[in-house]
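Encoded as structure tokens, the structure appears first; notes follow it.
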Amino acid sequence: MGPIMVIAETLDGGLSDGAREMIAKARTLGTALGVEVAALAFGPAARAALSSAAVNEAVLVEGADAADYNPEAFESAAFEAVGSRSPVLVLLASTTLGMDVGTGLAARLDLPMAAYVTALEPDGDHFNVQSQVYAGRLTADIELPFGAIATVVPGAFTAEGASGSPGRMTEQPAVAAPHMVLKRVLQAEGGGDVDITRSDVLVSVGRGIQDKDNIELAEEFAQAVGGVVSWTRPVVDAGWLPRGRQVGKSGQTVKPKLYLALGISGAPEHLQGMKDAETIIAVNTDPGAPIFEVATYGATVDVLDLLPHLTELLQAGGSV
């Protein structure tokens with residue numbers, strides 16, 4: 001039986017949180033199945049990132065053709081690596097890279113694939129998988145045979161046990177993309193000054209903030225409570241704030257210690273991006289708002305009345 005293979009992404013010179021989570025899960029699955037774990041990473045950060053990964057084999061795709069993301073080149077390199085190892089399972093994150101490369105691999109290798117996976121366990125000659133469908137409104141139970149591909153929702157697994165040293169390192173040459181050429185890189189639209197995925201406290205605003213001018217109330221409260229402001233897609237669509245700090249399926253997936261949902265109804269697309277926060281406090285005038293289904297604590301008051309009082313208490317050195 002072949003290994004479990006993780007196609008990992010790098011961030012700031014190290015492994016992304018999603019990559020570390022998948023490596024930890026792959027180790028657990030590898031122990032259960034008695035197979036090795038391999039991880040593949042692309043680009044100039046691959047060697048340093050995988051040098052701290054607890055895998056049996058680290059596969060490095062380096063060189064000029066892997067310096068910048070190119071879905072065609074990355075898919076071709078992954079195709080060579082996966083095809084030569086016949087893994088029992090390939091894991092990728094449900095990100096742009098993961099969906100680009102994962103679907104290409106599935107097509108080229110004629111392998112079954114499950115997307116937006118949130119749970120995965122071996123059972124006999126297959127894996128029992130839970131997958132989000134219809135933007136997280138439903139969960140599908142799937143039997144995925146050995147020799148398959150899964151893209152995993154970031155945050156679905158814990159990263160405990162991902163750190164260590166690889167048993168061996170293998171170099172996999174990058175493949176030049178004959179049909180795609182990188183022209184330019186567009187920086188993320190506004191809000192990129194803060195990485196909300198690493199913030200312990202998020203003060204997130206939704207349509208209940210009512211007006212662009214009222215966002216200042218959230219900014220003042222966030223500063224007083226030691227957090228940063230994030231927001232929902234309707235706020236972006238209204239043109240009040242840029243996309244850089246948007247939370248949800250089409251934005252960022254976050255797991256802060258404290259998530260304050262202010263004037264947020266709790267659409268499935270938003271819940272998918274924040275439901276795994278340690279503590280969720282929701283403020284919404286509608287007692288039937290879906291956000292209360294995932295909230296640890298909730299209050300059915302007007303956020304515009306509440307915020308000035310809370311900010312004043314904190315600034316005066318009081319507690320809330």
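The values are calculated or read from the model by the stated rules, or taken from the named source; none is laboratory data. Remember, it's a predicted structure, so these values are computed and weren't measured experimentally. Cβ atoms come from the backbone with ideal geometry, glycine included; neighbour counts cover every protein chain shown. SASA here: full protein model, heavy atoms, side chains in, ligands and nucleic acids out. Shrake-Rupley method; radii C 1.70, N 1.55, O 1.52, S 1.80 Å.
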Item to check | Cα centroid separation, the range 1-39 to the range 246-315 (Å) | outcome: 32 Å
Item to check | Calculated semi-axes √(5λ) of the Cα gyration tensor in Å (choose from (i) 39, 21, 18; (ii) 44, 30, 20; (iii) 27, 25, 19), label | outcome: (i)
Checklist entry - Under a point-charge model restricted to the Cβ atoms of Lys and Arg (+1) and Asp and Glu (-1), what is the dipole moment magnitude of the range 269-320 relative to its Cα centre, in debye to the nearest 20? => result 100 debye
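Not counting the cut sites, what is the longest span of the chain without trypsin sites (Lys or Arg not before Pro) that DSSP labels loop and that have at most 11 other Cβ atoms within 10 Å? It would help to have the intermediate numbers written out before the result.
Working: sites that count: K183, R184.
Longest stretch, sites excluded: 1-182.
Using the scaling law 2.2 N^0.38 Å as the reference, what is the normalised Cα Rg of the range 220-320? Could you put the intermediate results ahead of the total?
On the way: Rg = 13.3 Å, N = 101, 2.2 N^0.38 = 12.7 Å.
My calculation over the Cα atoms of the range 220-320 gives 1.05.
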Checklist outcome for this item: Dividing the surface of the Cα convex hull of the range 165-254 by four yields a projected area in nm² of 9.9 nm²
Checklist outcome for this item: T300 and E312 label points (each 7 Å along its Cα→Cβ direction) are spaced in nm at 2.6 nm
Item to check | Burial order of peptide ranges 305-315, 214-224 (average beta-carbon count within 10 Å, highest first) | outcome: 214-224, 305-315
Next on the checklist: Output needed: percent of Cα pairs per 10 Å distance bin for the range 1-90, bins running from 0 to the one holding the longest distance.
Outcome noted: 19, 52, 27, 3
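Would you mind telling me the antiparallel percentage of the DSSP bridges in the chain, rounded to 5? Before the final figure, lay out the partial values.
Values: 17 of 61 bridges.
Once the DSSP bridges in the chain are tallied, antiparallel ones form about 30 percent.
Which of the pairs K183/K249; K25/K275; K212/K257 have their Cα atoms more than 22 Å apart in this structure?
Beyond 22 Å: K183/K249; K212/K257.
Accessible area of the chain with a 1.4 Å probe: how many percent of it is carbon plus sulfur? Could the numbers behind the result be given before it?
Values: 7300 of 14990 Å².
Answer for the chain is 49 percent, counting heavy atoms of protein chains only.
For the range 263-320, what number results from the quotient of the Cα radius of gyration and 2.2 N^0.38 Å?
Working: Rg = 12.6 Å, N = 58, 2.2 N^0.38 = 10.3 Å.
My calculation over the Cα atoms of the range 263-320 gives 1.23.
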Checklist outcome for this item: With the 1.4 Å probe rolled over protein heavy atoms, the chain has an accessible area per residue in Å² of 47 Å²
Checklist entry - Between S51 and H179, what FRET efficiency comes out of the Förster formula 1/(1 + (r/R0)^6) with R0 = 35 Å and r the beta carbon distance, rounded to 0.05? => result 0.60
